[in-house]
Amino acid sequence: MTTYLLQGGRILDPANQRDETADLWLVEGRIATRPTASLQPDEVLDCRGLIVAPGLIDMHVHLREPGREDKETIASGTRAAAAGGFTSVCAIPNTTPVIDSQTGIKFITSRSQTDAVVNVFPYAAVTKGQKGEELTEFGDLLQAGAVGFTDDGRPIMNNQVMRRALEYSVTFDTLILDHCEDLNLAEGGVMREGELATRLGLRGWPSVAESIQVARDAELSEFTGGRIHVMHVSTRASVEIIRQARARGVRISCEVTPHHLALTVEACRTYSTNAKCNPPIGPESDRLALIEGLLDGTIEVIATDHAPHTEMEKDLMFTDAPNGIIGMETAFGVLNTVLVRPGLMTLPDLISRMTANPARLLRIDKGTLSDGADADVALLDPEQVWTVDPERLHSKARNCPWNGQQLVGRPVATFVGGELIYRDGRILDPAR
Amino acid sequence: MSDATTLSHRHLLDVESLSAREIHLILENARGFKEVFTRSIKKVPALRGKTVCTLFFENSTRTRTSFELAAKRLSADTVSFSIATSSVNKGETLIDTARTIEAMGIDLIVMRHPESGAPHLLSRRVRASVINAGDGTHEHPTQGLLDAYTIQEKKGGFEGLKVAIVGDILHSRVARSNIQALTKLGAEVTLVGPSTLVPRTFAQFGVRVTHQLMEGIRDADVINILRIQRERMNTNFFPSIREYRLLYGITRERLKSLKPDIMIMHPGPVNRGVEIDQEVADGPHSVINEQVTNGVAVRMAVLYLLAGNLPSSQRD
């Protein structure tokens with residue numbers, strides 16, 4: 001196995017509160033911070049001017065396999081991840097069939113072994129078939145390799161089912177991840193309710209459709225002691241509910257997407273279906289509240305909710321097009337451009353929310369550059385100016401609201417388990 | 001860039017993107033075309049050799065006929081497509097149809113569609129000019145323009161004029177186009193209806209919002225009454241037609257307490273006895289029939305002005 005010496009980069013390892021210019025060795029698939037004096041590198045990478053970070057973790061990715069391989073596959077989705085500096089992704093189980101059995105988890109893990117270029121951690125559904133009725137076999141699924149449970153895409157409306165899910169999750173101290181949406185309030189809504197939706201004549205999705213369910217989840221988590229994670233939080237009120245619940249010790253966490261941090265409802269003004277997502281993007285006041293929540297620690301994680309769709313599906317009228325935005329390949333560029341460069345957030349803070357924090361919530365041994373850790377590393381160039389070209393994305397999908405836009409900051413190399421799998425826009429298919 | 005006699009748009013998708021100057025330009029041209037009606041030969045050769053296609057994904061005999069008549073009076077050739085849509089393939093049908101129309105060399109497409117934004121999608125795909133003849137609950141620009149034309153003709157102008165729009169504003173494309181046109185032209189617009197159908201977001205449109213009928217229409221110079229759709233009852237936007245009529249119906253009795261020269265408008269088709277009494281709809285204050293006449297003139301103006309903006313390969 002190639003021994004790499006990453007020379008002279010800015011090492012950012014939030015798990016160890018490390019931020020310094022130093023060399024980093026990747027030896028036998030592991031991080032070596034104190035290599036033996038006699039060690040000779042096979043390859044030296046000049047990392048001056050680059051960030052050397054733990055490989056990023058995306059805890060919310062739709063890989064679409066099995067079932068919708070026309071939108072994305074484990075092969076294509078993990079390549080998009082690698083191009084975005086991600087070395088670990090969590091696969092959402094709303095596939096066809098739904099991942100709700102040990103067989104399903106085993107399909108994901110075995111297919112990942114042959115096809116994936118980054119680590120894939122599968123979630124299992126909370127309820128069988130994501131129908132919101134009967135719980136899946138949490139114990140069996142965890143043993144098979146699930147790292148958490150979610151019915152994402154199909155909100156659990158029944159409070160009793162959610163209560164039991166959270167209560168049962170205590171047995172294993174595992175994480176329940178909820179897509180918070182009151183389906184009655186949101187019915188027919190295609191963009192955030194408000195002035196622009198009224199102007200465009202599009203059915204509004206009211207902010208309370210989310211915050212009511214967030215409040216419910218906080219209450220049930222407090223009542224049962226189960227760990228709840230709110231996915232893709234999008235409103236000011238939701239952030240405030242989570243902030244207050246955390247202050248009184250409720251085991252509630254949440255994530256926010258780059259698109260909710262970078263865009264406002266204005267992105268829908270031209271009926272652009274690439275800005276159509278669920279939960280829909282809100283106004284500037286919500287965006288600012290999300291950034292505030294990210295800075296004060298209420299929001300611990302940034303996750304992309306990478307949701308690929310075919311061009312044919314997105315090339316429809318706004319009402320008919322499916323919800324979703326692809327986000328892994330643009331995540332670092334968008335966040336660096338929107339949060340770091342204007343001085344809203346430091347790079348170490350940003351990286352912590354994409355490495356150490358999700359690893360801690362998921363209880364996976366990732367997201368660190370500690371000596372001996374798996375050599376999952378992202379080299380990020382915070383100064384590189386580039387234009388998002390939909391034809392050069394590694395995802396099968398093109399539903400990206402930043403197509404054609406200029407971003408500052410780009411991953412330049414990605415290592416998974418000590419292997420260089422991505423460099424300067426190209427996937428280096430490893431023999432694995 | 002545009003001068004004072006052209007539109008700066010290739011398509012007419014909504015009134016929101018028109019300037020006050022452009023609205024005035026359309027109204028001025030409409031005045032000229034209306035004169036054509038009074039001649040024994042009601043036809044001018046302005047669009048000879050051009051082809052106008054009406055593409056309706058939703059039934060509307062009135063609007064379609066009005067556009068077809070407008071096109072014929074400009075000497076254009078007209079063809080019509082009506083497409084029944086199923087809920088699954090609406091989008092694909094639209095794109096496919098657009099390609100077909102493109103291949104037939106059509107110059108102007110007049111489109112009606114049940115979904116907001118559909119003409120915007122079409123306009124990005126075709127070389128032809130697209131005229132929105134009503135999209136979902138978004139806009140119905142020619143209706144807004146013909147209502148403005150009718151008001152100008154009867155009232156002389158817009159400055160300081162008080163116009164009340166009464167009814168289901170939330171679901172009305174006619175209301176949106178009227179709001180856009182009238183506020184740009186300087187009228188004072190008041191929206192009237194229950195708070196479910198006139199939500200507070202409308203206050204951001206530069207209009208006054210009230211939920212009390214008499215408060216909204218007492219000082220009005222013009223009342224534009226919208227059709228109330230029974231199906232909104234099923235989703236609890238209002239509890240019953242009976243209560244709606246009691247609270248917001250423009251009745252004979254209410255008419256008596258309004259300005260003596262009050263002008264009553266309705267885009268049609270009218271639900272007599274629901275949002276408006278028969279006697280009011282057919283009475284001396286009503287301009288409902290003039291609206292229909294003016295509709296043809298305004299649509300001639302729109303077709304004429306957009307034809308002038310066609311790419312040179314499509315010009316004579």
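The values are calculated or read from the model by the stated rules, or taken from the named source; none is laboratory data. Model, not experiment: these values are computed from the prediction. Because the Cβ atoms are built from the backbone with ideal geometry, glycine has one as well, and the counts that use them run over all protein chains shown. Side chains included, ligands, DNA and RNA excluded: accessible areas come from the protein's heavy atoms. Shrake-Rupley method; radii C 1.70, N 1.55, O 1.52, S 1.80 Å.
Within region B:162-179, residues that are more than 10 Å from every other protein chain (Cβ to nearest Cβ) and open to solvent by less than 10 Å² (accessible area, probe 1.4 Å) have Cβ atoms under 7 Å from residues that are outside any loop (DSSP other than H, G, I, E, B) and at pLDDT below 95 in these pairs: B:Asp168/B:Arg232, counting only partners at least 6 apart in sequence or on another chain. Considering A:Ala275, A:Ala197, the condition of being farther than 18 Å from B:Thr201 by Cβ, open to solvent by less than 10 Å² (accessible area, probe 1.4 Å) and within 14 Å of chain B (Cβ to nearest Cβ) is satisfied by A:Ala275 alone. Annotation for region A:348-359: no member residue is over 20 Å from the mean Cα position of the chain (by Cα) and among the hydrophobic types (A, V, I, L, M, F, W, C).
Could you list all residues from region B:242-273 that are surrounded by fewer than 17 Cβ atoms within 10 Å (Cβ to Cβ) and part of a helix (DSSP H, G or I)? B:Arg242, B:Glu243, B:Leu246, B:Leu247, B:Arg252, B:Glu253, B:Lys256, listed by residue number. A count restricted to region A:164-194 and to residues that are touching a helix residue (DSSP H, G or I) at 6+ places or on another chain (Cβ under 7 Å), more than 14 Å from chain B (Cβ to nearest Cβ) and of a type in the set (Lys, Arg) stands at 0.
In contact with a strand residue (DSSP E or B) (Cβ under 6 Å, 6 or more places away or on another chain) and within 22 Å of B:Leu25 (Cα to Cα): is that true of B:Val174 in this structure? No; evaluated as a whole, the condition is false for this residue.
Filtering region A:261-293 to residues that are part of a loop (DSSP other than H, G, I, E, B), over 21 Å from the mean Cα position of the chain (by Cα) and closer than 22 Å to A:Arg243 by Cβ leaves only A:Pro283. Between A:Arg251, A:Arg216, A:Arg243, which is of a type outside the set (Asp, Glu), more than 28 Å from A:Glu134 (Cα to Cα) and in the same structural domain as A:Ile291 (by TED's automatic domain parsing)? Result of the check over A:Arg251, A:Arg216, A:Arg243: A:Arg243. Here B:Ser286 qualifies as of a type in the set (S, T, N, Q) and without any contact (Cβ under 8 Å) to a residue 40 or more places away in the chain. Of all the listed residues (A:Thr114, A:Thr87, A:Thr96), the sole one being farther than 24 Å from A:Asn158 by Cα and surrounded by fewer than 23 Cβ atoms within 10 Å (Cβ to Cβ) is A:Thr114. Any residue in region B:93-110 that is surrounded by fewer than 20 Cβ atoms within 10 Å (Cβ to Cβ), in contact with a Ser or Thr (Cβ under 9 Å, 6 or more places away or on another chain), within 14 Å of chain A (Cβ to nearest Cβ) and in a helix (DSSP H, G or I)? Yes, that holds for at least one residue. Within region A:86-99, the set of residues being within 12 Å of the chain's Cα centre (by Cα) and either closer than 16 Å to A:Ser110 by Cα or outside any strand (DSSP E or B) (or both) comprises A:Ser88, A:Val89, A:Cys90, A:Ala91, A:Ile92. Within 14 Å of chain A (Cβ to nearest Cβ), modelled with pLDDT of 90 or more and closer than 21 Å to B:Pro119 by Cα, is that true of B:Ser17? When the stated conditions are applied, B:Ser17 passes them.
If only residues of region A:102-127 that are assigned to a loop (DSSP other than H, G, I, E, B) and within 19 Å of A:Leu175 (Cα to Cα) are counted, the one that is nearest to the chain's Cα centre (by Cα) is A:Tyr123.
Restricting A:Ser238, A:Ser211 to residues that are among the hydroxyl-bearing types (Ser, Thr, Tyr), within 20 Å of B:Pro199 (Cβ to Cβ), in a helix (DSSP H, G or I) and under 22 Å from the mean Cα position of the chain (by Cα) narrows the list to A:Ser211. Here B:Leu258 fits the description: in contact (Cβ under 8 Å) with a residue 40 or more places away in the chain and of a type in the set (A, V, I, L, M). Among residues of region B:132-154 that are farther than 13 Å from B:Val292 by Cβ and within 14 Å of chain A (Cβ to nearest Cβ), those with a beta-carbon under 6 Å from a residue that is open to solvent by less than 10 Å² (accessible area, probe 1.4 Å) and β-branched (Val, Ile, Thr) at least six positions away or on a different chain give the pairs B:Pro141/B:Val15; B:Gly144/B:Val15. Would you say A:Thr73 is open to solvent by 10 Å² or more (accessible area, probe 1.4 Å), out of contact with any Cys (no Cβ under 9 Å at 6 or more places or on another chain) and more than 29 Å from A:Asp349 (Cβ to Cβ)? Spelling it out, A:Thr73 is indeed open to solvent by 10 Å² or more (accessible area, probe 1.4 Å), out of contact with any Cys (no Cβ under 9 Å at 6 or more places or on another chain) and more than 29 Å from A:Asp349 (Cβ to Cβ). Looking only at residues in region B:60-79 that are among the hydrophobic types (A, V, I, L, M, F, W, C) and more than 11 Å from B:Gly295 (Cα to Cα), the one that is most open to solvent (accessible area, probe 1.4 Å) is B:Val79.
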